Amino acid sequence: MRGEKVIDFQRSNLHVFNYSVPVSKKISLEELRKHLFTLPEHPDWIPYRTSYYQETWGFCLSHRQFEHLNEEEYEVHIDSSLEDGSLTYGEFFVPGATRDEILISLPRLSSLPMQ
């Protein structure tokens, strides 16, 4: 409510649940906590969450960031739409020493500098 953005999709596309429904309202931190997700065991990581199978909204943030939230009212705004569209993606497999997988998520290609 002080005009400071706490969670911003422009800083990380992981901050907003994929498939979040639009929302615009003012709520207490107690109510907001129901829509916040972190990984306490990895306090600097931002988790990836989706609401594809449930019509809801939410935010992901680092646990360190979560711990610094103040008990105050927050303005929540997600400007989204759920409509048919398309997805362009690439997949590349690099055999390694383990069977672990790594997901690399980039911002919209139109926002990447051209070289």
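The values are calculated or read from the model by the stated rules, or taken from the named source; none is laboratory data. Everything numeric here is computed off the predicted structure, so don't read it as measured data. Neighbour counts run over all protein chains shown; Cβ positions are idealised from the backbone, glycine included. Ligands, DNA and RNA are stripped out before the accessible areas are found, and what is left, the full protein with its side chains, is counted by its heavy atoms. Shrake-Rupley method; radii C 1.70, N 1.55, O 1.52, S 1.80 Å.
Excluding the sites themselves, what is the longest stretch of the chain that contains no trypsin sites (Lys or Arg not before Pro) in a DSSP loop with at most 13 other C-beta atoms within 10 Å? If you can, show how the numbers build up before the last one.
Details: sites that count: Arg2, Lys5, Arg11, Arg99, Arg108.
Between the exposed loop sites, the longest stretch runs 12-98.
Can you give the accessible area per residue of region 1-59, in Å², using a 1.4 Å probe?
Values: 4120 Å² over 59 residues.
I get 70 Å² per residue for this part.
Would you mind calculating the gained length between Val76 and Thr56 on full extension (0.36 nm times residue separation, minus the Cα-Cα distance), in nm to one decimal?
Result: 5.9 nm gained on full extension.
Heavy atoms only, probe 1.4 Å: what % of the accessible area of the chain goes to carbon and sulfur, would you let me know? Display every interim value, and only then the final one.
Working: 4980 of 9780 Å².
The nonpolar share, carbon plus sulfur, comes to 51 percent.
Across bins of 5 angstrom width beginning at 0, how are the C-alpha pair distances of the chain distributed, in whole percent?
That works out to 2, 9, 17, 21, 19, 14, 10, 5, 2, 1, in percent per bin.
Could you give the length gained by full extension between Thr98 and Arg49, i.e. 0.36 nm per residue of separation minus their alpha carbon distance, to one decimal place?
On the way: separation 49, 0.36 × 49 = 17.64 nm, distance 2.46 nm.
Fully extending the segment from Thr98 to Arg49 adds 15.2 nm.
Please list 3J(HN,Hα) in residue order for region 18-25, calculated via the Karplus relation 6.51 cos²θ - 1.76 cosθ + 1.60 where θ = phi - 60°; whole Hz, with x for glycine and proline.
Working through the residues one at a time gives 5, 6, 5, 6, x, 8, 8, 6 Hz.
Sorted by average packing, counted as other Cβ atoms within 10 angstrom per residue and highest first, what order do 74-85, 36-47 take?
36-47, 74-85
For Asp84 and Leu69 in one chain, what is 0.36 nm times their gap in residues minus the Cα-Cα distance, to one decimal in nm? Mind dumping the intermediate values first?
On the way: separation 15, 0.36 × 15 = 5.40 nm, distance 3.54 nm.
Taking Asp84 through Leu69 to full extension adds about 1.9 nm, to one decimal.
Which order, highest average first, do 89-97, 52-60 follow once you tally other Cβ atoms within 10 Å for each residue and take the mean per peptide? Provide the component values of the computation, followed by the final result.
Values: 89-97: 5.7, 52-60: 14.7.
Answer by packing, highest mean first, reads 52-60, 89-97.
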